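Written out below as structure tokens is the structure these notes cover.
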Amino acid sequence: MPTVIEDFRYGLRLLRKSPAFTAVAVLTLALGIGANTAIYSLLDQAMLRLLPVIAPNQLVVLRFSGGDSGSTRSRGDNTTYFSYPMYRDLRDRNSVLSGLIATDLAQVGVQWHNQPELADAELVSGNYFDVLGLRPALGRLFVASDDVAQEANPVVVLSFNYWQQRFGLDPTIVNQSISINGHPFTILGVVRPGFHSAVAGDNPAIFAPMMMKPEVTPAWNDLEDRRSKWLNIVGRLKPGLTPEQAQAGIDPLWHSLRAEELQQQGRSSPQFRDAFLTHSHLFLDDGSKGVPRHGTISRTLLTVMAMAGLMALMSCTNVASLLLVRVARRTRETSVRYALGAQRRRLVQQLLTESLLLGLVGGAAGILLARQIAALLIPTILADNVHHLAFTTSPNLRVLAFNFGLALFVTMLFSLAPALQIRRPDVTQALKQQAAVVAGGSIYLRRATVAAQIGISLLLLLGAGLFVRTLRNLKTLDVGFISDRLLTFTIDPNFAGYRSDQTIALYQQVLEKLSRLPGVRSATLTNDPEVANNNWASNITVAGYHAAENEDMNVEWARVSARYFSTMRMPLLAGREIEERDHAGAHKVAVVNETFARRYFGEPQNTLGRYFCSGSGDVKPDIEIVGIVKDAKHTGVRSNIRRTVFTPYLQEKRLGDVSFGMTFYVRTWQSPENAEASIRYAMHELDSNLVLDRLLTMDEQIDDNLSGERTVAFLSSSFAGLGALMTAIGIYGVLAFSTAQRTREIGIRVALGATRGSVLRMILSEVAWLAGIGIATGLPLSFLLTRTIRNQLFGVSSSDPLMLAAAIAGISIVACAAAALPARRATEVDPMVALRYE
């Protein structure tokens, strides 16, 4: 123990005596560990972390296969969404699950002390907390009797985070009343800290009983509609049952329930029956991590995690290279200690102790950096979902232990390697600093680490180039409308307590008030906003078009107001746009896009005057096509163009179709940022209870839509830059050391007539060999790794020769720049001084 303490003290003195080496090594380790830990922590929360409930391994998520009918409101995989009647039947009639819960996320308007705000609410079945085995932090949670009859029990439970942020942990909040969408609800209690939702990543502020859906989602009930699928189901296995046994036991019940639904629908087509019933199965997937969600975020995190892994490998290799050079420089010290009788074990122990100190300091700095990096990444990677997702900046202890342990292991390993290569040196030559004699084969190991850094840096540079090109291609893509001087925001009257029959009048008042604002050119609205990852779709029947069997007749269907296309600057190709005269009671009209016209009528000129309608079967097409608009990106900048119809929202019979909130677009004469304050004031003046959701420019909306690509491009470029810097440091360290050891040789060459150019070529040839080996090693890996990211690229091939050439040129320039200073020093060697060099 005393020797270990002595070694620690000696190691600290040595590190203090070499501040440049210590700072570079610690910073390199901190960046590698910090970035890796931060990103892996977010990935862990998105994909790997178990739900903080009792026995999470007993939970299963229900998913079905086979054909379907009716409508589905989903945020992911449609096959994990069910109707409430189906949930109720599965809950009451199954014999393999001890409990079955239902859940759905909705946005609500909350008022507390006359302060309105938007919040996420999770509709849950009454047995939700009981099946999950959760206990309250305050008050009580729901029980089955709280969820029996519709609108009979207006109660809520608060999440711990919302209780802390909005109510300041006030213990008297229990039994007090808050307003949700204009309706009073009583607070029963608060969920314990750490639990957010049974849906992975969701972060609701409020939990409400499923039977209160009419108040939570006004104008959209669907609790008794078997053809409306909108909720997720999670079950708990009975003790002793495996998921396979439970699935085998519940599948007959599933087929029985599907047969009943098929009979109720009255559809007897053999093809539909096979798809809906014969080939349909119910699956019980692993639910220990909750209902899976946010696939796009997970893919982004996986991509960034791969780059962070390369960055961590690069940092370890860089530190290894620095340590190898440092150990070689201490050959004289090692030889003296050998001459004085030191044992190999003590020398190795000393080297490992120094490495341990570096690893501890670098790891501690990395842990501190990890929280800061995560804080930057959460709003960047998650973009507009950041308030809806339960992500924290605190790294998981398992992640910290893994990355910290890996850094220590690699650092100690590369410190041990040169120590094991040192045999008892020739003390006379060692004391003369002829390190080539005493260093043995360690020079090859140093060169190998530099070549490895060059190969990894090549991968990072190539990946960064591909992602930057992808982002550039997407940002310059024509989205089909003009985003300049365009503002957008959403208003949902339900959050302010408006009834469905009041929403149309309110929307008209908003449009009129916006149109009268100074600097506003025009205003319009839609229920299906552009480039916002929203979709409103419906099956249609087209007059004169004979659909093939099982043909997809689903189209994007947007309800819009007058002047929509002129406000959005979407070019009309034929006919007219929707106007003020297209109101309720007037002849039904629609505008369609190019893709729609070509699909059903062959040529756009054959489209005007044709008719279609919603639905299939015995329906009469009664909507006349009066205009054709140019194709535009809708769901996202990456998305494919879908067949799209635009109809006047004033002609909707079902007000529920337009009562989930409308997105307004305001085209201004002035800078849109200057109009934001006047818009907010106008809406507050109209009704102070109205909450504007996401007031931003259309350019910002498009940027948000590209947030994943922007994040990957930014981080890949950052990692590539840091990797190139680390490679330069590694090359410089090896060349500076090897050049210093060859001072006598260089002096002899100069004395015999060698020119500066020949000395320069001699030094640079070593760099060329190292770069060649690194590039030759990195190229096959680059072809393999870039193929894994080809689905994330846009407008550029994963094997693009231009980007490959640019990456090779980039790493070659880095290598030459790093070699410039040692090479210059070599050409300035004085032969007389060099011949006396020992």
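Details
- Scanning the stretch 211-250 for residues that are in contact with a helix residue (DSSP H, G or I) (Cβ under 7 Å, 6 or more places away or on another chain), of a type in the set (A, V, I, L, M, F, W, C) and open to solvent by less than 40 Å² (accessible area, probe 1.4 Å) yields W220, L223, L231, I233, L237.
- The strands (runs of 3 or more DSSP E) falling completely within the stretch 587-685 that include 2 or more residues that are touching a Phe, Trp or Tyr at 6+ places or on another chain (Cβ under 9 Å), open to solvent by less than 40 Å² (accessible area, probe 1.4 Å) and within 30 Å of A505 (Cβ to Cβ) map to 589-593, 623-629, 644-648, 662-668.
- Of all the listed residues (F185, F207), the sole one being aromatic (F, W, Y) and closer than 25 Å to P85 by Cβ is F207.
- In the stretch 686-699, residue surrounded by the most Cβ atoms within 10 Å (Cβ to Cβ) [restricted to those that are assigned to a strand (DSSP E or B) and among the hydrophobic types (A, V, I, L, M, F, W, C)]: L695
- Among residues of the stretch 594-621 that are over 30 Å from S69 (Cβ atoms), those with a Cβ under 6 angstrom from a residue that is assigned to a helix (DSSP H, G or I), sequence gap 6+ or separate chain, pair up as P604/A597.
- V108 among the hydrophobic types (A, V, I, L, M, F, W, C) and either open to solvent by 10 Å² or more (accessible area, probe 1.4 Å) or farther than 26 Å from G661 by Cα (or both): no
- Yes/no for E551 being over 28 Å from R563 (Cβ atoms), assigned to a loop (DSSP other than H, G, I, E, B) and either under 36 Å from the mean Cα position of the chain (by Cα) or among the charged types (D, E, K, R) (or both): yes
- Residue satisfying all of: in the stretch 548-586; among the hydrophobic types (A, V, I, L, M, F, W, C) and without any contact (Cβ under 8 Å) to a residue 60 or more places away in the chain; most open to solvent (accessible area, probe 1.4 Å) among these: L573
- Residue in the stretch 4-21 that is of a type outside the set (S, T, Y), outside any helix (DSSP H, G or I) and either out of contact with any strand residue (DSSP E or B) (no Cβ under 9 Å at 6 or more places or on another chain) or open to solvent by less than 10 Å² (accessible area, probe 1.4 Å) (or both) present: no
- The number of residues in the stretch 35-81 being in contact with a strand residue (DSSP E or B) (Cβ under 9 Å, 6 or more places away or on another chain), farther than 30 Å from T278 by Cβ, of a type in the set (S, T, N, Q) and surrounded by 15 or more Cβ atoms within 10 Å (Cβ to Cβ) comes to 2.
- The stretch 682-696 residues that are at pLDDT 85 or above, paired with ones that are assigned to a loop (DSSP other than H, G, I, E, B) and of a type outside the set (D, E) (beta carbon under 8 Å, 6 or more apart): A682/L517; M683/L690; M683/L692; H684/L690
- Residue identified as closer than 16 Å to I233 by Cα, of a type outside the set (V, I, T) and surrounded by 20 or more Cβ atoms within 10 Å (Cβ to Cβ) among L158, L100: L100
The values are calculated or read from the model by the stated rules, or taken from the named source; none is laboratory data. Computed from a predicted model, the values in this text were never measured in an experiment. Heads up, the Cβs are rebuilt from the backbone with ideal geometry, glycines too, and the neighbour counts pull from every protein chain shown. Ligands, DNA and RNA are excluded from the accessible area calculation, which covers all protein heavy atoms including side chains. Shrake-Rupley method; radii C 1.70, N 1.55, O 1.52, S 1.80 Å.
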